[in-house]
């Protein structure tokens with residue numbers, strides 16, 4: 001018995017910047033992308049959400065605690081997840097800090113970081129999506 005196979009291709013980091021947003025929209029309109037993951041702390045997140053609404057692009061959350069600045073106000077002060085400049089450590093910096101035992105991962109739950117990212121995603125998208133995409 002054979003089962004139909006459906007390939008889902010996600011346009012990652014939607015909201016990172018206007019140029020990336022447009023490229024992802026172009027790919028969606030050409031049929032190369034199935035959905036997108038919204039980077040809520042990206043500089044063009046609100047624009048990305050508007051583009052998703054305009055073109056009916058299925059949108060999920062890209063939960064990001066490794067790059068950029070936090071959307072969680074509590075994390076913006078005295079968090080091991082941030083560097084001295086108030087930004088997340090970056091992919092490699094995060095891995096290095098984690099391997100050295102410098103990160104307090106309980107801050108993610110205790111300070112409500114993921115919950116606030118999720119809430120901001122819902123606010124920006126003006127939707128009740130419950131899909132979360134994360135890989136790091």
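The values are calculated or read from the model by the stated rules, or taken from the named source; none is laboratory data. Keep in mind that this is a model prediction, so the values were computed, not measured. Every residue, glycine among them, receives a Cβ derived from its backbone with ideal geometry; neighbour counts consider all protein chains shown.
Structure notes:
- For the range 1-35, residues that are within 10 Å of the chain's Cα centre (by Cα) and part of a strand (DSSP E or B) total 3.
- Qualifying residue in the range 115-128 (condition: assigned to a helix (DSSP H, G or I), loosely packed, with under 14 Cβ neighbours inside 10 Å, out of contact with any strand residue (DSSP E or B) (no Cβ under 8 Å at 6 or more places or on another chain) and at pLDDT below 85): yes
- Top-ranked residue in the range 17-41 [being crowded, with 22+ Cβ neighbours inside 10 Å and free of Cβ contacts under 8 Å to residues at least 40 places away in the same chain; ranked as nearest to residue 124 (Cα to Cα)]: 39
- Filter result for residue 93 (part of a helix (DSSP H, G or I), within 19 Å of the chain's Cα centre (by Cα), surrounded by fewer than 16 Cβ atoms within 10 Å (Cβ to Cβ) and modelled with pLDDT of 90 or more): yes
- Filter result for residue 101 (out of contact with any helix residue (DSSP H, G or I) (no Cβ under 6 Å at 6 or more places or on another chain), surrounded by 12 or more Cβ atoms within 10 Å (Cβ to Cβ) and assigned to a loop (DSSP other than H, G, I, E, B)): no
- Residues of the range 42-63 satisfying the condition of being without any contact (Cβ under 8 Å) to a residue 60 or more places away in the chain and either out of contact with any strand residue (DSSP E or B) (no Cβ under 6 Å at 6 or more places or on another chain) or under 14 Å from residue 114 (Cα atoms) (or both): 42, 43, 44, 47, 50, 51, 54, 55, 56
- Looking across the range 68-90, the residues that are within 13 Å of residue 117 (Cβ to Cβ) and in a loop (DSSP other than H, G, I, E, B) come down to 68, 69, 70, 71, 72, 81.
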